[in-house]
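First the structure, then my questions, so here it is.
None of the figures in this text is laboratory data; all of them are computed from the coordinates on show. Just so you know, these numbers come straight off a predicted model, no measurement behind them. For neighbour counting, all protein chains shown are included, and Cβ atoms are generated from backbone atoms with ideal geometry for every residue, glycine included.
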Amino acid sequence: TAQYTQYVFNMFAINPAVAGSKDCIDVHLGYRQQWVGFPGAPVTGWATICGSIRKKGHSYHANRQGVGAFVEADNTGAMGYTSFELAYAYHIQMKQDFFMSLGFFAGVKQEKLSLGDVFADDNSDPALVNNGTALVYPDITPGIWLYNKTTWAGLSIQQFLGNKVKDIGTDTRLTRNYIVSVGHRYRVDKHFSMVPSTLFKLSPGSPLSLDLNVMAEYRQKIGLGVS
């Protein structure tokens, strides 16, 4: 699955329950190139859009629904995928300024393997017999999101169904990825805030991935941070 250098600017890409948490139509475009100059280096591109829907005349600060869409293409060496996901989320007002949202992505994913880019010591390996693309559906990602104006915490599980990928390799399956994100905005004075945040990503068979971020904000318009 794709990695994001600055996930903190697009939480919707990692958790579908974020859809509708802002009182606006939220649009993001992203492109990431990793290990520049190395053959087969990861390249990722994505686009997201989400927003809230509610009855006319009802306050934004009430139970509401969120919807969105997410398109992504990721290539790493001989393997890659393209996915299209739709999102739905329902936001429940727990307190005056505290919400819990439950949501999910549902869509399709096209996995691909180009054996022309594979250099193997043993070309008789049965895992290298199949070549081409495979359509995987439904691809489901559930998520939960807790938030208010200054704090957020969320959990999502990518590739939740562990779908089998036909026609690529032998007994190839999508692996579940567990993503936990937490952050808080500390008000320093009238204009400045500090926003520390973290993201944990765990996939069975892989080491734990950890992102730590600290960002200074000026009027929530300009940010400077380290990661």
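Taking amide hydrogens as modeled 1.01 Å from N in the peptide plane, which residues meet the under 5 Å criterion relative to G80, leaving out close sequence neighbours?
It is K112, by chain and number.
Now a separate question. In sequence order, what are the phi-derived ³J(HN,Hα) couplings for region 79-85 according to the Karplus relation 6.51 cos²θ - 1.76 cosθ + 1.60 with θ = phi - 60°, rounded to whole Hz, with x for glycine and proline?
Here the 3J(HN,Hα) series is 10, x, 7, 10, 9, 9, 10 Hz.
Quick one: 3J(HN,Hα) in Hz for region 217-227, Karplus 6.51/-1.76/1.60 with θ = phi - 60°, rounded, Gly and Pro as x.
With coefficients 6.51, -1.76 and 1.60, one gets 10, 10, 6, 6, 10, 10, x, 9, x, 10, 9 Hz.
About the Cα centre of the chain, what is the dipole size in debye to 20, counting +1 per Lys and Arg Cβ and -1 per Asp and Glu Cβ, all else neutral?
Dipole magnitude for the chain comes out near 1320 debye.
Pull up all non-local amide H partners of T172: gap of 5 or more, or a different chain, and H-to-H distance under 5 Å with H placed in the peptide plane.
For T172, the qualifying residues are V165.
Hey, another quick one. Among the listed pairs K166/K201; K201/K221; K22/K56; K149/K201; K95/K190, give every one whose C-alpha distance is greater than 20 Å.
From K166/K201; K201/K221; K22/K56; K149/K201; K95/K190, over 20 Å: K166/K201; K201/K221; K149/K201; K95/K190.
Name the most mobile residue of D74, D121, D26, meaning the one with the largest mean-square fluctuation, in a Gaussian network model of the chain with Cα contacts below 10 Å.
D121
If the cut-off is a Cα-Cα distance under 16 Å, which aspartates and glutamates reach K112, setting aside same-chain residues fewer than 8 apart in sequence?
E72, D74, D139, D167, D171
Please sort by residue number the trypsin sites (Lys or Arg not before Pro) in region 14-58 whose DSSP state is loop and whose Cβ has at most 13 other Cβ atoms within 10 Å.
K55, K56
So if R0 is 30 Å, what FRET efficiency would S227 and L146 give, r being the distance between their Cβ atoms, rounded to the nearest 0.05?
For S227 and L146, the calculated efficiency is 0.85.
Across region 10-19, in residue order, what do the Karplus-derived ³J(HN,Hα) couplings come to in whole Hz, using 6.51 cos²θ - 1.76 cosθ + 1.60 with θ = phi - 60° and x for Gly and Pro?
So the J values, rounded to whole Hz, are 8, 4, 4, 5, 10, 8, x, 5, 6, 4.
Based on DSSP loop calls and a cut-off of at most 13 other Cβ atoms within 10 Å, the longest stretch of the chain free of exposed chymotrypsin sites (Phe, Trp or Tyr not before Pro) is what?
Here the longest segment lacking exposed loop sites spans 120-227.
So who's got an amide H within less than 5 Å of the one on R64, skipping anything under 5 residues away but keeping other chains? H placed 1.01 Å off N, in plane.
Placed amide hydrogens put H91 under 5 Å from R64.
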